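Comments concern the structure below.
The values are calculated or read from the model by the stated rules, or taken from the named source; none is laboratory data. None of the values given here were measured: they were computed from a predicted structure. With ideal geometry, Cβ positions are generated from the backbone for all residues, glycine too; neighbour counts draw on all protein chains shown. Quick note on the areas: whole protein, heavy atoms, side chains included, nothing else; ligands and nucleic acids left out. Shrake-Rupley method; radii C 1.70, N 1.55, O 1.52, S 1.80 Å.
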Amino acid sequence: MATGTTSSGTTRGKAGGSRRTPTSTGTASGRPTRRLVIVESPTKAKKIAPYLGNDYVVESSVGHIRDLPRGAADVPAKYKGEPWARLGVDVDNQFSPLYIVTPEKKSTVSELREALKSVDELLLATDPDREGEAIAWHLLETLKPKIPVRRMVFHEITESAIRAAAENTRELDQDLVDAQETRRILDRLYGYEVSPVLWKKVMPKLSAGRVQSVATRLIVEREWARIRFTSAEYWDIGAQLDAGAEATPRQFGARLTQIDDDRVATGRDFDSDGKPKAPTGARAQRTDARLGDAGSGLRILAEADARRLAESLQDQAMTVSSVESKPYTRKPYPPFMTSTLQQEAGRKLRFSSERTMRSAQRLYENGHITYMRTDSTTLSDTAIQAARAQARELYGDRYVADSPRQYTRKVKNAQEAHEAIRPAGESFRTPGEIAREVDGDDFRLYELIWQRTIASQMNDARGTTVSVRITGTAGTGEACTFSASGRTITFPGFLKAYVESVEDESPGNQADDAESRLPELTEGQALTAVELDPDGHSTNPPSRFTEPALVKQLEELGIGRPSTYASIIKTILDRGYVWKKGAALVPSWVAFSVVNLLEEHFGQLVDYDFTAGMEDDLDSIASGHDSRVDWLNGFYFGAGKSAESSVAQAGGLKKLVGANLEEIDARTVNSITMFPNDPQYDNVVVRVGRYGPYLERIVDGESQRANLKDDLAPDELTPEIAEQLFSVPQEGRKLGTDPVTGHEIVAKEGRFGPYVTELLPDPEPPADGTTKKKAPAKPKPRTGSLLKTMSLDTITLDDALKLLSLPRVVGTDPDSGDEITAQNGRYGPYLKRGTDSRSLSDEEQLFTVTLEQALEIYKQPKQRGRGAAAQPPLRELGTDPSTGQKMVIKDGRFGPYVTDGESNASLRKGDSVEQLTDERASELLAERRAKAPPKKKAPAKRTAAASKTGTTTSKKAPAKRTTTRKTPAK
DNA sequence: CAGTGAGCGAGCTTCCGCTTGACTT
């Protein structure tokens, strides 16, 4: 399987070409033409096979069958040494991709090959979108059929649609394939070039990508908005009014909205800084024009004002000054697509995106619903008829829309390869009818889909909204206007079947079926105020993203696809960028660092419009107006014909991750200034370090530090909390007092992980008159790292005292007279006798090993390090056919490796010590040699590694890579 | 962020988008 996507030539077809597939003619031998149809989904294959009859064999590819290699292990030997093997794309040679059959798809491919043998024609019936076109092309490239091949497309799975599609095929659209390949390569380059920058500058194993990085950025930006948010306080007056004994309802609530000519401020009148919004010129003008001299000013009520007004309105006459009534109509919502299904299942059933999709998959596979990964709200004609028939049956004629409703909502970048998500079949089964076969999540989700689909073909809801103004004059002379509004629904229409939930219900954000009744009121009518309550309110920060809210936002930006919405969330959770607090997605401090770096140095790549721009460019490739290579040249090298994109303007991705790498200062990136506008706390930074995030500030030239708890959400870190945290670590967690010394024992988190130490009493101040030149050496407190079995939360005083008792004198070596001690160190527990040391296998041995056992251990040769006896090889191999050198497998600190005395190469995933062949060993050694020549005797420069990574971390920064002992938090 | 003794073959991490079982507990 070589490179070169366009070189094969055999498959390049005219875009959009279409002709009738001959169907009636048979083969020369007289039997009818047999055709193999390949679709993507096995369920779909089963479904359409009966529609096509016996002359068709229907199989499925089960999604993509080939892809770029995931990593070095997947690269065929032939390309292993290539400089671009890591990317899987030969960037210097037309961006030729290297495709391999995905390992788990090998069996699928051989099954398809087998099926191909018994047919006369191949119909590639993968989905009618960009990815589907590419899958078709990969099938062609992989199967290399010697029979005629046609492309078959259909958008709905009904017998007529399928039969029509089989009759009306076209050729493969190579331009569309090119667009997909461009997308694939772009994502690979972005992901595999930018992620390593994060490994070097923030933390290993992190990742960046076109989709996940924007998702993370959205969540971090929202958190910043919450952090910066300042709440505003405002007051109004709630009135309970009485319309007299005849009225129903007799009483109703109203709210103070105007004082004289000034409007009373509500939450909407404040910005995120807690300040009143400046009225826009246009609005002020318009208001003036309409209301003449009224309503031009804004009045923010303070508590005292509100109380005073309420007081002076007591017992004053209240009169209805206006009644305005308007018709209320609501149209049904479109049928579900993936994003809206996830949103509603999230709100109504509290399902995560993943749970929704798992359940939907089961419903699909069991034939209860149509395909669940779709960006279309279109219903087939049969589905519309089914929905209408069912609505009629359940609710009667009057509830069904006069004519079929078709929803053509345009989602950004929608590909519309499938129908909307709806109950399957030409007549729908009610939830009650499938209850016996389906339960739990699946039943509830089906019910949701069924209701929504039925409702989409029903009539508008109709009713009336009424706005009433009531005026009274306060004892102090102000004219106070109260407002109330009511909504009555006279004809529920579709609301009878389905009402969409709202994320957070507030006065301005009510469900569509919410009703509030006002009594019949007429202008001039007198009312009595039963209650007048001054009411305090405060504005709220923007709420955090929930899973469905994030999916909605991504969809609006055209980022991600129905098949990936759930996995995007999984990715950012897995990377530790985000954690869940109830339903809310909270960013981690690492996410702040990563977004910091990306915004600062890769701004074009995390721009919210990046994907939208890419989609436009892909469209122009798909339509044949632009070329794949030109576009990628611009993106990667910042050169070529189409170099107008923002990334190209910045010099291209290669430059951004290469030459510009040195400009990225790790210390700056990993420092988050929390309160930049607070003069007292603007020196407080969160630092994201190897050992997890911590707080730091410099006071009088001295650094104060404090650990941050994992469950502290960034917006909860206020100056007060910071101050509190700074005061804690100095003390650590108190465990008690050492009965021997009387010193207090504390457990703390340190540079090398958790440890215990003692608090020494302050040294006595020097006595009067004595002017000692030199203070006595400050005594050092004893310290001890926690054993692996211990944790900071559970360690006891006894444990701590045991640790502080180290090193333990095991005894005296009778031969040398040297003392043998047991202690815990950098590399774990060990014995020490003079300068000679031996590792212990178990931390418990620190306290239990006897002199006898210790002497026995010293009799053994040193296991590791200089002076250690050479280890016998794990296994002897033959000679390397290419060099003639004898090869052996040895065990090393990174696991087993093969060596010929000069080069060493680790065994890879899938290699075993027992089964490694000479050929494989030779191959591994050859690979190693290709990458780097065997090491010379001269030791490498100590700073080489640091300069290679381009790290510009200042010397003051803690050495980040010096310890392997504790893994970073999480 | 505490300070506690050696020295030593790297290799791998990572993207997005299309689809489901095959694995083990």
- Query: Just going by the charge dipole of chain A, with Lys and Arg at +1 and Asp and Glu at -1 on Cβ, which of A:Tyr399, A:Tyr827, A:Leu797 is farthest out on the positive end?
  - Reply: A:Tyr827
- Message: Rounded to the nearest 20 debye, what is the charge dipole size of the stretch A:517-625 about its Cα centre when +1 sits on each Lys and Arg Cβ and -1 on each Asp and Glu Cβ?
- Response: 700 debye
- Query: Among rounded, prolate and oblate, which fits the stretch A:35-180 when a ≥ b ≥ c are the square roots of the eigenvalues of its C-alpha gyration tensor, a/c under 1.5 means rounded, and a/b larger than b/c means prolate?
  - Reply: prolate
- Cross-link pairs A:Lys46/A:Lys117; A:Lys78/A:Lys205; A:Lys205/A:Lys654; A:Lys580/A:Lys709 - those with Cα-Cα distance over 24 Å: A:Lys78/A:Lys205
- Query: What accessible area per residue, rounded to a whole number of Å², is obtained for the stretch A:35-180 using a probe radius of 1.4 Å?
  - Reply: 40 Å²
- Task: Go through the stretch A:565-577 residue by residue and turn each phi into a ³J(HN,Hα) via Karplus (6.51, -1.76, 1.60, θ = phi - 60°); whole Hz please, and just put x for glycine and proline.
- Result: 3, 5, 6, 4, 5, 4, 4, 6, 6, 5, 6, x, 7
- Would you mind pulling out the separation of the Cα centroids of the stretch A:135-160 and the stretch A:186-214, in Å? 35 Å
- Message: With a cap of 15 neighbouring Cβ atoms within 10 Å, and only residues DSSP puts in a loop, list the trypsin sites (Lys or Arg not before Pro) found in the stretch A:342-418.
- Response: A:Arg350, A:Arg409, A:Lys410, A:Lys412
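Rank these residues by their accessible area, most exposed first, probe 1.4 Å: A:Lys581, A:Lys748.
Listed by decreasing accessible area, they come as A:Lys581, A:Lys748.
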- Message: Once R0 is set to 60 Å, what does the formula 1/(1 + (r/R0)^6) return for the Cβ-Cβ distance between A:Ser160 and A:Glu919, expressed as a FRET efficiency to the nearest 0.05?
- Response: 0.55
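Please state the relative contact order of chain A as a whole percent: Cα pairs under 8 Å, 6+ residues apart?
Normalised by residue count, the contact order of chain A is 10 percent.
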- Query: With every protein chain in place, what's the accessible area of A:His64 (1.4 Å probe, Å², nearest 10)?
  - Reply: 60 Å²
- What whole number of Å gives the distance from the Cα centroid of the stretch A:681-699 to the Cα centroid of the stretch A:882-911? 44 Å
- Query: Tell me, what % of the accessible area of chain A is carbon and sulfur with a 1.4 angstrom probe?
  - Reply: 49 percent
- Task: Could you work out how far apart the two model spin labels at A:Leu760 and A:Asp315 are, taking each label as a point 7 Å from the Cα in the direction of the beta carbon, and quote it in nm?
- Result: 7.8 nm
- Task: Consider all pairwise Cα distances in the stretch A:338-459 and report the whole-number % of them above 22 Å.
- Result: 32 percent
- Message: Report D for the stretch A:488-559 in µm² per second (integer): Stokes-Einstein, Kirkwood Rh on Cα pairs, 20 °C, 1.002 mPa s.
- Response: 125 µm²/s
- With viscosity set to 1.002 mPa s and temperature to 20 °C, compute the Stokes-Einstein D of the stretch A:780-831, Rh being the Kirkwood radius across alpha carbon pairs; µm²/s, no decimals. 172 µm²/s
- Message: Rounded to whole Å, give me the distance from the Cα center of the stretch A:381-434 to that of the stretch A:436-468.
- Response: 11 Å
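Accessible area per residue of the stretch A:545-585 at 1.4 Å probe, in Å²?
Here the per-residue accessible area is 37 Å².
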- With a 1.4 Å probe and all protein chains in place, put A:Asp236, A:Asp911 in order of accessible area, largest first. A:Asp911, A:Asp236
- Compare the Cα positions of A:Ser627, A:Met614, A:Phe602 along the charge dipole of the stretch A:600-646 (+1 at Cβ of Lys, Arg; -1 at Cβ of Asp, Glu; about the Cα centre) and return the one farthest towards the positive end. A:Ser627
- Note down the accessible area of A:Ile237, probe 1.4 Å, to the nearest 10 Å². 0 Å²
- Query: With r defined as the distance between the Cβ atoms of A:Glu141 and A:Lys331 and R0 fixed at 60 Å, what FRET efficiency is calculated, to the nearest 0.05?
  - Reply: 0.80
- Query: What percentage of all Cα-Cα pairs in the stretch A:106-195 are separated by more than 22 Å?
  - Reply: 39 percent
- For the stretch A:870-909, the Cα convex hull volume per residue in Å³ comes to 79 Å³
- Let me know the Kirkwood hydrodynamic radius for chain A, please, with Cα pairs as the basis and the value in Å to one decimal. 35.1 Å
- Item | Positive dipole terminus of chain A, leading residue within A:Gln649, A:Leu143, A:Ala529 (C-beta point charges) | A:Leu143
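Which pairs in the list A:Lys80/A:Lys106; A:Lys47/A:Lys105; A:Lys105/A:Lys552; A:Lys80/A:Lys200; A:Lys348/A:Lys552; A:Lys144/A:Lys412 are over 27 Å apart, alpha-carbon to alpha-carbon? Don't jump to the answer; show the numbers that get you there.
On the way: A:Lys80/A:Lys106 21 Å; A:Lys47/A:Lys105 22 Å; A:Lys105/A:Lys552 33 Å; A:Lys80/A:Lys200 24 Å; A:Lys348/A:Lys552 16 Å; A:Lys144/A:Lys412 36 Å.
Exceeds cut-off: A:Lys105/A:Lys552; A:Lys144/A:Lys412.
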- Query: If A:Val746, A:Val153 are ordered by their accessible area, calculated over protein heavy atoms with a 1.4 Å probe, which sequence runs from highest to lowest?
  - Reply: A:Val153, A:Val746
- Item | Neighbour cut-off at most 16 other Cβ (10 Å), DSSP loop, trypsin sites (Lys or Arg not before Pro), the stretch A:478-528 | A:Arg517
- Count the DSSP beta bridges whose two residues both fall in chain A, then state the antiparallel fraction as a percent rounded to the nearest 5. 90 percent
- Message: For chain A, what does the helix formula give at 222 nm: sum of -39500 (n - 2.57) over DSSP H segments with n ≥ 4, over the residue count, nearest 500 deg cm²/dmol?
- Response: -9000 deg cm²/dmol
- Query: Can you pull the accessible area of A:Phe270 for me, 1.4 Å probe, Å² to the nearest 10?
  - Reply: 20 Å²
- Find me the longest stretch of chain A that has none of the exposed GluC sites (Glu not before Pro), where exposed means in a DSSP loop (not H, G, I, E or B) with at most 15 other Cβ atoms within 10 Å. A:1-245
- Message: Can you give me the distance in nm between label points at A:Glu843 and A:Ile300, each placed 7 Å from the Cα along the Cα-to-Cβ direction?
- Response: 5.6 nm
